[in-house]
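One structure is given here, and the rest of the page talks about it.
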2 protein chains.
Amino acid sequence: MSTEQTSVQLHENDNVRVAIATLIKGISSSVETPVSTIPLGHKFASAEIKTDEPIIKYNQIIGFASEHIAKGDHVHTHNCQFRGDFERDSASGSKSTPTQFFAADQRATFMGFKRANGKVGTRNYLAVMTTVNCSATVAKMVAKHFEDDALDDYPNIDGVVAFAHSTGCGMGMEGDGYDNFQRILHGYATHPNFAGVLMIGLGCETAQISDLKKNYSLADDAGFQSMTIQGVGGTRKAVAEGIKRLEQMLPAANACIREKVSAEHLTLALQCGGSDGYSGITANPALGAAADLLVRHGGTAILAETPEIYGAEHLLTERANTQEVADKLMERIRWWEHYTRINNGSIDNNPSPGNKAGGLTTILEKSLGAVAKGGTTDLMQVLKYAEPVTEKGFVFMDSPGYDPVSVTGEVASGATVVCFTTGRGSVFGYKPSPSIKLATNSQLYEHMSEDMDINCGEVLSAGVSIDEMGERIFQLILKVASGQPSKSEALGFGDNEFNPWMIGTVM
Amino acid sequence: MSTEQTSVQLHENDNVRVAIATLIKGISSSVETPVSTIPLGHKFASAEIKTDEPIIKYNQIIGFASEHIAKGDHVHTHNCQFRGDFERDSASGSKSTPTQFFAADQRATFMGFKRANGKVGTRNYLAVMTTVNCSATVAKMVAKHFEDDALDDYPNIDGVVAFAHSTGCGMGMEGDGYDNFQRILHGYATHPNFAGVLMIGLGCETAQISDLKKNYSLADDAGFQSMTIQGVGGTRKAVAEGIKRLEQMLPAANACIREKVSAEHLTLALQCGGSDGYSGITANPALGAAADLLVRHGGTAILAETPEIYGAEHLLTERANTQEVADKLMERIRWWEHYTRINNGSIDNNPSPGNKAGGLTTILEKSLGAVAKGGTTDLMQVLKYAEPVTEKGFVFMDSPGYDPVSVTGEVASGATVVCFTTGRGSVFGYKPSPSIKLATNSQLYEHMSEDMDINCGEVLSAGVSIDEMGERIFQLILKVASGQPSKSEALGFGDNEFNPWMIGTVM
Ligand SMILES: [Ca+2]
Ligand SMILES: [Ca+2]
Ligand SMILES: [Ca+2]
Ligand SMILES: [Ca+2]
Ligand SMILES: [Ca+2]
């Protein structure tokens, strides 16, 4: 691509181009002569489209021409209609294809921490988990003790991190909210980026440590300890006891060292936040290419954010490896339809006025951009929020789109690295799994370069191909997994983003 | 009362006594001879009660005898029925009485910070507010700059505090959740315990600073500043800019000094958490007596925790100062009935099995213990969550019972001191309004004395009257309001308990 191009065709089969600068009626560039003014991010026809013919973008039908559209015409809500009943080639698994794995001796590697349970970590933290907001301050005080020079004799430990949150009591002991929360705690208690975990409760909260231990067969041992503030007799004693228990974990934690392991042991969280008109054109497909590479090297990539794939779920079910996987995705979609309805909302009132102003015409078109992060390989598993990943390959985890809530679930499911695309400029960072930030456009990258790891805007501004950008992302994933700090990690993010998904009534 | 007593009659009109130790059948003490074994916290008849006669506790009908009850019999679910349709003397305002105010020259005083808007603070903090979880880490970094010796030249400033939270995006821009959140931010932006406020957003979040400013007529000035991370170009620049703006507020903040003011300028948050069988007998009524004193001195006391007053709301409406006040309380009750129902819960499935095991027979009996915190004076105002208090006297604010969520709302409404009763042993502390903790029993007080400010267990264990205990609480409120640290404040609580009430779907 030329750096002077002002529009882009996203797939050779498309019959629309997307303006990447505002195009003025009648002013030609090398590849187009729009017959009306096309705002940045909007579409125009790259060929004549007759009434009722499909509008194709990303090689997908995003709608149908409601009137005759001439080459160069603006294509938007006035002449493009979504028809939910058109025949999609979307039978479950109809597009399932064998993954083109790299040969065993060609698999990428990274330097990771092998854990006793067979999982491999990318970081080596000690965690102070909390069962309830009421133990947040004690947990923070315990972790604070290990700041500054307290770990100087333990150079292989990345730090002691407290995970405070806002829930754990004033909630029902049954239902989706409590189930989510227990899965989160269990996922962190067993996460490979931790060498050891101390869990601190208040004592009288709804989310009892004893209930978690019973439901998930957790037991105190050298690497997992639990206690309550009420049990030990108050704040000062709890802080002292917590410090003591963590100090006992330090030697074993420091004995963990990085070893060369196959990329098959990597689990990548895919995420987007602060999306813009470029997200679906640059960073998301580039991240999808990186996810494909990781999967071909034997690893795992987790797509999430259910409300943002709504309308494009057939693109996932048709890649489903089994009918069961497809059914579980549709069950989650139905759950969301119900959940948003009882809360006086709707999951399908997209695209929003802001989306439409930005050039997105139909909900399918909007979701296509988000789904692009998931690459092209088979969908191997569908998980509830924070459910442990047990399959390799491309998987989907149910979650809201809200970044910290979604990533909290993906990490609980097992993600050890996060890739986060952003158009508006998120500064997101996370512990214990480092977050790599991918700018969707070069202006953003210049404006917030200290926070952005890769400029995917170069797909447009410098003609870098999606595949080449995917390769760059994949190589950075390997480096960051091996210990190189991501931008947000170096800035010190990750102590305030743990955010379990709350569902239901706060009582 | 004798220190050897093993049961207590809570009001002279009651026909039941409450066991404050397990009473063994047939073993007499000075005042009782139970005819069956009575577990601690359970009731037995102090006089014969005929079938269908009311059971009276706290001078309130808590139920009716479903069979003949002999003096000394255990009174519980087997022989005491709740009848929702009995005639309660509960016409709105029927028990409204003129408050016996202390004369102007007898009013208590405290040393507070007079603010330009006429409000009076009990602390002198600078706040770093966040509109969204995505700006939490930047806000914490800004506040951290002012730790250690950075404020040595500003001895009148209590500190710079960052208020991080989990919401602000992935939410609808309409409805109860967003309204709550805007009220919270507005309440903190104008709270008298702050000499200045810096509000930091990410930039692309749902909860736009511009929307808050428009809806609440806020404007940047010397004491209120706002900025977004995306606006200034990333994390490092945002932290530097935030520090700069706060540094500009330091001289004016340090010029604030405590002055003697009337207790009428005090606004007290009433709260209970980790309740036990003693809460309704000792600490809650003692706190109610303190609230009555504060109101008689011209001040304001905020009761909250709607699910915990459910079933006893007639005791509040009959004290309502106007019909409008009573109606607003009932409107909130109806809202909760709807809200819990659509979320597959119920607000009236109390008392729980645990409550019943502890001796609470009916929902009315349970809620009576919580309502006791509110004393006896007229109900002057009913507020939605985080709505600003504009009346003096006793008021009610709608909130969940969950402590951090409820106190966050009470402080946003204007509370400058918190009194928190606890039986199980909460370690709760809060900023910017100090929290005084009241133990309901002496065993807890001994076990967690470093966290408890007052042992209300002495009502039973040392024969201290409720009025005397109320006076002790009131005197401590004045001291803490004047600058004496509460126990949790001295321990360093308050940086992790800010917890806005989230309602509705996380998207
Ligand atoms: Ca998104
Ligand atoms: Ca997101
Ligand atoms: Ca602080
Ligand atoms: Ca309570
Ligand atoms: Ca409470």
Residues in the range A:463-507 that, when all protein chains are in place, have 30 Å² or more less accessible area than the chain alone would give (probe 1.4 Å): A:Leu491, A:Phe493, A:Asn496, A:Asn499, A:Met502, A:Gly504, A:Thr505, A:Val506, A:Met507
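So which of B:Lys384/B:Lys431; B:Lys260/B:Lys431; A:Lys140/A:Lys260 end up more than 27 Å apart by C-alpha?
Working: B:Lys384/B:Lys431 21 Å; B:Lys260/B:Lys431 22 Å; A:Lys140/A:Lys260 33 Å.
Over 27 Å apart, Cα to Cα: A:Lys140/A:Lys260.
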What's the ranking of B:359-366, B:374-381, A:266-273 by average number of surrounding C-beta atoms within 10 Å, highest first? A:266-273, B:359-366, B:374-381
Compute and list, largest first, the equivalent-ellipsoid semi-axes of the range A:283-394 from the alpha carbon gyration tensor, each √(5λ) rounded to a whole angstrom. 25, 19, 11
How long is the range A:347-428 along each principal axis, judged by its Cα atoms, biggest number first, in Å? 41, 29, 21
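Please say if chain A is rounded, prolate or oblate, where rounded means a/c under 1.5 for a ≥ b ≥ c the square roots of the C-alpha gyration tensor eigenvalues, and otherwise the choice is prolate for a/b larger than b/c and oblate otherwise? Display every interim value, and only then the final one.
Numbers: a/c = 2.13, a/b = 1.78, b/c = 1.20.
Note, shape of chain A comes out prolate.
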0 to 90° range, to nearest 10: angle between helix B:403-413 axis and chain B longest Cα axis: 60 degrees
Note to self: C-alpha centroids of the range A:197-228 and the range A:51-79 sit apart, in Å, by 57 Å
Expressed in angstrom, Rg and Dmax over the Cα atoms of the protein assembly as shown are 30.7, 104
Which cross-chain or sequence-distant (5 or more) residues have an amide H under 5 Å from the amide H of B:Ala269, H modelled 1.01 Å from N in plane? B:Ile302, B:Thr416, B:Val417, B:Val418, B:Cys419
Treating the angle as unsigned and between 0 and 90°, give the value, to the nearest 10°, between the Cα long axis of helix B:283-296 and the longest Cα principal axis of chain B. 60 degrees
If you take the accessible area of B alone plus A alone and subtract the pair, what total do you get in square angstrom, rounded to 100, with a 1.4 Å probe? 4700 Å²
Give a residue-ordered list of calculated ³J(HN,Hα) values for the range B:230-239 (Karplus: 6.51 cos²θ - 1.76 cosθ + 1.60, θ = phi - 60°; whole Hz; x for Gly, Pro). 5, x, 8, x, x, 5, 4, 5, 5, 5
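Restricting to Cα atoms and excluding each atom paired with itself, what does the Kirkwood estimate give for the range B:125-255 in Å? Before the final figure, lay out the partial values.
On the way: mean 1/r = 0.0679 Å⁻¹.
Every distinct Cα pair counted, the radius reaches 14.7 Å.
Ratio of Rg to Rh for the range B:43-159, alpha carbon only, Kirkwood?
Values: Rg = 28.1 Å, Rh = 21.2 Å.
Value, to two decimals: 1.32.
For every other residue with a beta carbon closer than 10 angstrom to the beta carbon of B:Cys204, add +1 if it is Lys or Arg and -1 if Asp or Glu, then tell me the sum.
Values: positive: A:Arg424; negative: A:Asp276, B:Glu205.
Net of charged neighbours comes to -1.
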In terms of Cα to Cα distance under 18 Å, which lysines are near enough to B:Lys71, apart from those fewer than 8 places away along the same chain? B:Lys25, B:Lys43, B:Lys50, B:Lys57
Comparing the chain by itself with all protein chains present, which residues of the range A:135-167 are at least 30 Å² less accessible (probe 1.4 Å)? A:Thr137, A:Met141, A:Ser166
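Lys and Arg at +1, Asp and Glu at -1: add these up for the other residues within a Cβ distance under 11 Å of B:Glu365 and post the number.
Working: positive: B:Lys43, B:Lys57, B:Lys356, B:Lys366; negative: none.
Net of charged neighbours comes to +4.
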Kindly express, to the nearest 10 degrees and within the range 0 to 90, the angle between helix A:176-189's C-alpha long axis and the longest C-alpha principal axis of chain A. 70 degrees
Only bridges whose two residues both fall in chain B count here: according to DSSP, what percent of them are antiparallel, nearest 5? 35 percent
Bridge orientation stat for the protein assembly as shown from DSSP, antiparallel percent rounded to 5, came to 35 percent
Considering only the other residues whose Cβ falls under 14 Å of the Cβ of A:Asn193, what net charge follows from Lys and Arg at +1 and Asp and Glu at -1? +3
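Using the Kirkwood formula over every pair of different C-alpha atoms, what hydrodynamic radius in Å results for the range B:262-491? Walk me through the numbers before you get to the answer.
On the way: mean 1/r = 0.0579 Å⁻¹.
That comes to 17.3 Å for the range B:262-491.
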Report, by chain and number, residues whose modeled amide H sits under 5 Å from the one on B:Leu383, excluding near sequence neighbours (fewer than 5 apart, same chain). B:Phe396, B:Met397, B:Asp398
Long-range amide H partners of A:Cys80 with built H, under 5 Å: A:Ser66
For the range B:417-426, what does the Karplus curve 6.51 cos²θ - 1.76 cosθ + 1.60, with θ = phi - 60°, yield as ³J(HN,Hα) per residue in whole Hz, taken in order and with x for Gly and Pro? 9, 10, 10, 10, 8, 8, x, 7, x, 7
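Over the range A:125-255, what is the percentage of antiparallel beta bridges among all DSSP beta bridges, to the nearest 5? Can you show the working numbers first?
On the way: 1 of 17 bridges.
Rounded to the nearest five, the antiparallel share is 5 percent.
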Carbon/sulfur fraction of accessible area - the protein assembly as shown, other protein chains in place, 1.4 Å, %: 49 percent
One quarter of the convex hull surface, Cα atoms only: what value does that give for the range B:373-476 in nm²? 6.8 nm²
In Å², rounded to a whole number, the accessible area per residue of the protein assembly as shown with probe 1.4 Å is 36 Å²
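The values are calculated or read from the model by the stated rules, or taken from the named source; none is laboratory data. Just so it is clear, the structure is predicted and the values come from calculations on it, not from any experiment. Neighbour counts run over all protein chains shown; Cβ positions are idealised from the backbone, glycine included. Ligands, DNA and RNA are excluded from the accessible area calculation, which covers all protein heavy atoms including side chains. Shrake-Rupley method; radii C 1.70, N 1.55, O 1.52, S 1.80 Å.
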